[in-house]
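The values are calculated or read from the model by the stated rules, or taken from the named source; none is laboratory data. These numbers come from a predicted model, not from an experiment. When we count neighbours, we look across all protein chains shown, and the Cβ atoms used for this are built from the backbone with ideal geometry, even at glycine.
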Amino acid sequence: MIHELRIHGLGVIEDAVVPFAPGLTVLTGETGAGKTMLLTGLGLLMGARGDATVVREGRDRADVDGEWHLDDHGAAIRQLVEDVGAHLEEEDGSTALILGRTVAAEGRSRAFAGGRLVPSGTLAEITERLIAVHGQSDQLTLRDPRRQRELLDRFAGPAHLARLVDYRRTYREWRDAERERAELLAHRQDRDREAALMRNGIDEIAAVAPESDEDAHLKAKAAVLAHATDLMADVTVAHDLLVGGDETAAVESVAQLLGRARRIVERAVTLDPQLVGHVARLDELLGSLDDAASELSSYLRGIEADPQLQTAVEERRQQISVLKRKYGPELADVLAWWAAAEEAVLAADSTDLRLEELTSAADRARAEVGVLAATLTDGRSKAAARLGKAVSKELHGLAMTDAELRIALDTAEAADDFSLEGADEVAMQLRPHAGSDFRPLGKGASGGELSRIMLALEVCLAGVDSVPTFVFDEVDAGIGGKVAVEVGRRLSRLARNAQVIVVTHLPQVAAFADRHVVVAKGSKGQVTSASVRVVEGDDRVQELVRMLSGLEGSASGAEHASELLALASRERQ
């Protein structure tokens, strides 16, 4: 459950700490005192969009922090928090999760979970398992058949929701297979035409069969062949200068000169042994000289002054040049086009096989969709009967004595008419009193009736919902008197199984609270820590008097308030 909400610089709130408790907590105060801004802060912690307009004038940013205490059932939340690397605080056997949000005056927003910076979407993912907020806007969404189906599915329970997940996955598989099959058929002629053109290119490239970087190698080889005679002459001279050639040559070779130098130094060693190292160095030079001469000889043997080979190389270069102009500009591009074209042609050639596979997959998924949809319809039909009776019973207690809620299903027969949610369209219909006709909520229910229906639904859903905290923002608008007492009673009943937080103007509702928090503006029109206080005893009575009559110190108002508190106390017991 949420333990505490801390807000700084948000709208009219300068600095405030709001304590919550197990059971039912109500927030009351004059209109404009900042109660709704508290819910705005809570919304930021739930991942709502951060808007610079919420930052209090004169402040550079707004900060909101919320502290949640996780019970033994918070394993999924713990795992999610650990997955994002956030930190949980362990103290006195309790596990606390701190969520935070900062909105800068220039509009930039930052979100935190357990002291770690996270995307705002992560806050939404965490809090959707911790808290559900219902406001007056939910009365409008209740008119939407999609929302009605969602509520019915929730009431049908976890097993039904798991089947809905299976159905959606299978439905997507069916539709994806059908879509791909239709695309293949629609563009088959174009692909076949493109494949025919690609085959010509593949054959042309395959006839040449170029290899990677072959054009660069051929260019180098052509240059050697074109200058083979000059290369042989130059390398021969270099070879002869190193190790000698013709015995009658007038110039001594490097090898001869080094050999003579070695013999001289070797003779000098007998006079000075320190010259031994120089003999070794000259031996190394002679060895390196022999290696260089040997490599030059090998090079000479590899040079071919072959006009035919030169012609063949140039022809090969010309063939590759043609391919580069058509499929290039570089040889690497030619090879890449070749590989891609072969893959595309293979895909085109296997179109018939792929069509068979897709047809089989679509037929199989379609049949499974039919079975799963029938299972969903059966579950919804049974849940609709139970939920209709349960909500009608709650409405009777909410001063709609003869009201009856009926949930009708309009089930499509053909799979082609199914949607991602199944075969069923759901319509919640209300008969407000005996003798009247059932009419859709969107056409026949008033705002006050929708408020009571919404509350009745939440009471009925409390037993199957895993969310530990419910927040109601003035869902009791438009009602009063005896109905308001019944609303308070229902909220108190809901609070037996969950934490319930209610923003209300009704004293009949506030009287049922386990904790009553009053929010008031200070003298400067701002909410500070002193403006948010938990009221008990006489202070609580006086707040109820203000809500009842607006008259401070009214004896009759205090008597009425005490009666309400006594009634609520008996009901809770």
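Tabulated values for the structure
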| read-out | value |
| --- | --- |
| Pick from the range 282-300, criterion exposed (fewer than 12 other Cβ atoms within 10 Å of the Cβ) and of a type in the set (Gly, Ala, Ser), ranking: modelled with the lowest pLDDT | Ser298 |
| Strands (runs of 3 or more DSSP E) contained in the range 1-118 and holding at least 2 residues closer than 23 Å to His134 by Cβ | 2-10, 13-19, 24-28, 61-70, 94-104 |
| Residue, surrounded by the most Cβ atoms within 10 Å (Cβ to Cβ), within the range 1-23, restricted to residues that are at pLDDT 90 or above and among the charged types (D, E, K, R) | Arg6 |
| Failed item, numbered, when Lys382 is tested on (1) within 30 Å of Glu150 (Cβ to Cβ); (2) among the basic types (Lys, Arg); (3) modelled with pLDDT under 90 | (3) |
| From the options Glu82, Glu89, Glu67, Glu128, residue that is modelled with pLDDT under 90, within 30 Å of Met454 (Cα to Cα) and of a type in the set (D, E, K, R) | Glu128 |
| Qualifying residues in the range 419-448 (those that are farther than 23 Å from Lys389 by Cβ and out of contact with any Asp or Glu (no Cβ under 9 Å at 6 or more places or on another chain)) - the one surrounded by the fewest Cβ atoms within 10 Å (Cβ to Cβ) | Leu420 |
| Selected residue (only one of Ala415, Ala385, Ala390, Ala427 is of a type outside the set (D, E, K, R), in contact with a Lys or Arg (Cβ under 6 Å, 6 or more places away or on another chain) and farther than 30 Å from Thr36 by Cβ) | Ala415 |
| Enumeration of residues in the range 24-40 that are in contact with a helix residue (DSSP H, G or I) (Cβ under 9 Å, 6 or more places away or on another chain) and crowded, with 18+ Cβ neighbours inside 10 Å | Leu24, Val26, Leu27, Thr28, Gly29, Ala33, Gly34, Met37, Thr40 |
| Answer residue from the range 301-320, given it is touching a residue at least 60 places away in the same chain (Cβ under 8 Å) and under 60 Å from the mean Cα position of the chain (by Cα) and is surrounded by the fewest Cβ atoms within 10 Å (Cβ to Cβ) among those | Glu314 |
| Any hit, the range 375-382, residues being in contact with a Ser or Thr (Cβ under 9 Å, 6 or more places away or on another chain), hydroxyl-bearing (Ser, Thr, Tyr) and part of a helix (DSSP H, G or I) | yes |
| Selected residue (criterion: modelled with the lowest pLDDT) from residues of the range 454-487 that are within 19 Å of Gln508 (Cβ to Cβ), touching a strand residue (DSSP E or B) at 6+ places or on another chain (Cβ under 7 Å) and not in a strand (DSSP E or B) | Val475 |
| Looking only at the range 507-544, and only at residues there that are modelled with pLDDT of 90 or more and part of a loop (DSSP other than H, G, I, E, B), the one that is farthest from Ala566 (Cα to Cα) | Val535 |
| Filter result for the condition that a residue is touching a residue at least 40 places away in the same chain (Cβ under 8 Å) and out of contact with any strand residue (DSSP E or B) (no Cβ under 9 Å at 6 or more places or on another chain), over Ser297, Ser288 | Ser297 |
| Some residue of the range 131-145 being assigned to a loop (DSSP other than H, G, I, E, B) and surrounded by 19 or more Cβ atoms within 10 Å (Cβ to Cβ) | yes |
| Count of the range 499-522 residues which are without any contact (Cβ under 8 Å) to a residue 60 or more places away in the chain and among the aliphatic types (A, V, I, L, M) | 2 |
| From the options Thr351, Thr359, residue that is surrounded by fewer than 16 Cβ atoms within 10 Å (Cβ to Cβ), more than 15 Å from Leu152 (Cβ to Cβ) and in contact with a helix residue (DSSP H, G or I) (Cβ under 9 Å, 6 or more places away or on another chain) | Thr359 |
| Subset of the range 1-22 [in contact with a Lys or Arg (Cβ under 6 Å, 6 or more places away or on another chain) and at negative phi] | Val17, Ala21 |
| Pick from the range 407-431, criterion of a type in the set (A, V, I, L, M), more than 31 Å from the chain's Cα centre (by Cα) and part of a loop (DSSP other than H, G, I, E, B), ranking: farthest from Phe155 (Cα to Cα) | Ala414 |
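Listed here are the residues, each with its yes/no results for (1) in contact with a strand residue (DSSP E or B) (Cβ under 8 Å, 6 or more places away or on another chain); (2) under 23 Å from His516 (Cα atoms); (3) not assigned by TED's automatic domain parsing to the domain that holds His3.
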{"residue": "Thr40", "(1), (2), (3)": "yes, yes, no"}
{"residue": "Thr53", "(1), (2), (3)": "no, no, no"}
{"residue": "Asp63", "(1), (2), (3)": "yes, no, no"}
{"residue": "Gly66", "(1), (2), (3)": "yes, yes, no"}
{"residue": "Arg78", "(1), (2), (3)": "yes, no, no"}
{"residue": "Glu82", "(1), (2), (3)": "no, no, no"}
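Yes/no per residue for (1) among the aliphatic types (A, V, I, L, M); (2) under 24 Å from Val467 (Cβ atoms):
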| residue | (1), (2) |
| --- | --- |
| Val18 | yes, yes |
| Glu30 | no, no |
| Lys35 | no, yes |
| Leu38 | yes, yes |
| Gly41 | no, yes |
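Conditions tested, residue by residue: (1) more than 27 Å from Leu289 (Cα to Cα); (2) within 55 Å of the chain's Cα centre (by Cα).
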residue	(1), (2)
Leu185	yes, yes
Leu197	yes, yes
Ile205	yes, yes
His217	yes, yes
Ala222	yes, no
Val235	no, no
Asp240	no, no
